[in-house]
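Enquirer: Structure in structure tokens, see below.
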Amino acid sequence: MGFTATKKIGNAVKRNRAKRRLRALFVTYSSLLKDGTYIFVAKQTISETSHQKLQNDFEKILSRLDTFKKKTDDKNITA
């Protein structure tokens, strides 16, 4: 896994904060994700984005990329 934030984000403090926010979201969802390599790139608007919107976008992107593990206990077998 990797987290990057370019100088377009701002100074070192803003870049580190952006990476911390992404890292915190990844930790929240890491147990639900398939094994693999993940690279997250912070965009300029991350500093103004609320936590709730960032979380919603994070979840939406991971769902779209089909990175969530499949639930094995949801097998509905009907005769």
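The values are calculated or read from the model by the stated rules, or taken from the named source; none is laboratory data. All values reported here derive from a predicted model rather than from experimental measurement. With ideal geometry, Cβ positions are generated from the backbone for all residues, glycine too; neighbour counts draw on all protein chains shown.
Enquirer: Suppose we keep only residues that are part of a loop (DSSP other than H, G, I, E, B) and of a type in the set (D, E, K, R) within the range 30-56. Which one would you say is nearest to Lys71 (Cα to Cα)?
Expert: Among those that are part of a loop (DSSP other than H, G, I, E, B) and of a type in the set (D, E, K, R), it is Lys34.
Enquirer: Now, a different point. Just give me the residues in the range 1-20 being over 25 Å from Lys71 (Cα atoms) and among the hydrophobic types (A, V, I, L, M, F, W, C), in sequence order.
Expert: The answer is Phe3, Ala5, Ile9, Ala12, Val13, Ala18.
Enquirer: Here's a follow-up. Report, ordered by the first and then the second residue, all pairs with beta carbons closer than 6 Å, sequence separation of six or more or different chains, a first member in the range 53-79 that is of a type outside the set (Ser, Thr, Tyr) and modelled with pLDDT of 90 or more, and a second member that is in a helix (DSSP H, G or I) and surrounded by 11 or more Cβ atoms within 10 Å (Cβ to Cβ).
Expert: Phe58/Leu25
Enquirer: Of the residues that sit in the range 2-20 and are on the phi < 0 side of the Ramachandran plot and part of a loop (DSSP other than H, G, I, E, B), which one is surrounded by the most Cβ atoms within 10 Å (Cβ to Cβ)?
Expert: Selected residue: Ala5.
Enquirer: Does the range 21-29 include one or more residues that are charged (D, E, K, R), within 20 Å of Lys70 (Cα to Cα), surrounded by 12 or more Cβ atoms within 10 Å (Cβ to Cβ) and touching a residue at least 24 places away in the same chain (Cβ under 8 Å)?
Expert: no
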